[in-house]
Amino acid sequence: MASWARLVSRWRCLLRTARAAEGPCGLSGRRSTPQGCRGFAPLALLPSRSDILPWRLQAYRHACVESCSPPGSAKDGSFSSPESNLPSPVKREQAKAETLPDLNAKIPYEDWDDVPPSCALEEISEEEAVQIIAEPLLPLQSSTLRDYVDHSETLAKLVHLGVDLSQVEKRQKAGQLLLTLDFEKDIRKILLFLKDVGVEDNQLGPFLTKNPYILAEDLEALESRVAYLKSKKFGKAEIAQMVSRAPYLLLFSVERLDNRLGFFKNELGLSVKKTKDLVIRLPRLLTGKLEPVKENLQVCQIELGFQRNEIQEIVFKIPKILTASKKRLKQTFDYLHNIMGIPHHMLTRFPQVFNSKLLRIKERHMFLTFLGRAQYDPAQPSYISLDQLVSLPDEVFCTEIAKASIQDFEKFLKTL
């Protein structure tokens, strides 16, 4: 089928070229030929309708020969032949009979556009089949962004920035959001804004991994939230630290940020300066839920028995106590206060003990008790502070506090 299509195309190209070669003179000569040769040429020599196409092709070739003949060739007889003296219709018929168009002739370059496209069912060679490269299809639905990275310039550039797409796709609708964004139109301006705020280049990837939703925020809204923090006397370095440590901070509207700052100021009874210092040290207090904070404050006051001023001092020294596990907080206090005998005012002076593992406190207290050196009263000799008890490495604790070797401490732990 494809071979026949090529054959027809070649014939059409040759026919069109023959028409162009004949011109107006060829048409007038063809009209006068039957009248001038009516008594000379036999009827069988006249071209029939089925022979018109070959006759035109031969006329094209004859015109080409005449146009390519050197001047004076007819005079000196260099191209003369016995057939050259025949009448023109007879010469055309003989030329037609002698020469037929070569179907294998190459088509001129300018006629290549006329060749019909290859048929989809046309057979091709193995070499041609190997050279065919099929582009991978874009999946209509997928549970991972990895399938879209090769098709999305936005995802590819985010990966180059250091964004962990495997973590982003775990967040609700975050993957769909990234697929709808254009890097140049939507993302570039947010990146420039974050750099202006103070987020380091090597932190952009981890920042967007934790908070990809900021890419869909309005730029003016983000700028207004930064302007609010500046109006509350937060410095540029402090804002950069807060944004880097609490990536969701800039998703909160100005009203919510103001309400959060007011809550900690009023609930804890802190001054404006201490409230600002508190959220700088733990900025996720502004972005986390307030219910755990309220519950921990009630636990400290009602169940643990701390006074309001003691709670203020503890919270200002270790803000993490507001978001700590209530169960762990009560277990640690019970061991320190009821078993080790540490009073409330001592716990208030060294609240860092609440950040230590309960197992570490137990092991060291029991080792000191075994050695007879468990003394936590500052008025008594050989006093051991809570800070020394929990913060020193094992080697230093054994040699300087317990006055024993690390081997003795390890052997003791095996007996527990």
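The values are calculated or read from the model by the stated rules, or taken from the named source; none is laboratory data. Everything numeric here is computed off the predicted structure, so don't read it as measured data. To get the accessible areas, we keep the full protein, side chains included, count just its heavy atoms, and leave off ligands, DNA and RNA. Shrake-Rupley method; radii C 1.70, N 1.55, O 1.52, S 1.80 Å.
Accessible surface for the range 250-392, divided over its residues, is 52 Å² per residue with a 1.4 Å probe. Projected over all directions and averaged, the alpha-carbon convex hull of the range 341-404 occupies 4.2 nm².
Using the Karplus relation 6.51 cos²θ - 1.76 cosθ + 1.60 with θ = phi - 60°, the per-residue 3J(HN,Hα) values for the range 180-185 come to 8, 9, 9, 4, 6, 7 Hz, with x marking Gly and Pro. Straight Cα distances below 22 angstrom link Lys185 to the lysines Lys157, Lys173, Lys195, Lys210, with same-chain residues fewer than 8 positions distant left out.
Largest to smallest in accessible area, the residues Met340, Met366, Met242 fall in the order Met366, Met340, Met242 (1.4 Å probe, all protein chains included). For a straight C-alpha distance cut-off of 19 angstrom, the lysines reachable from Lys320 (same-chain residues fewer than eight places away being disregarded) are Lys265, Lys273, Lys274, Lys276, Lys289, Lys294, Lys330, Lys357.
For Lys411, a cut-off of 16 angstrom between C-alpha atoms picks up these lysines, skipping any fewer than 8 places away in its own chain: Lys362, Lys403. Between the alpha-carbon centres of the range 146-202 and the range 350-404 there is a gap of 49 Å.
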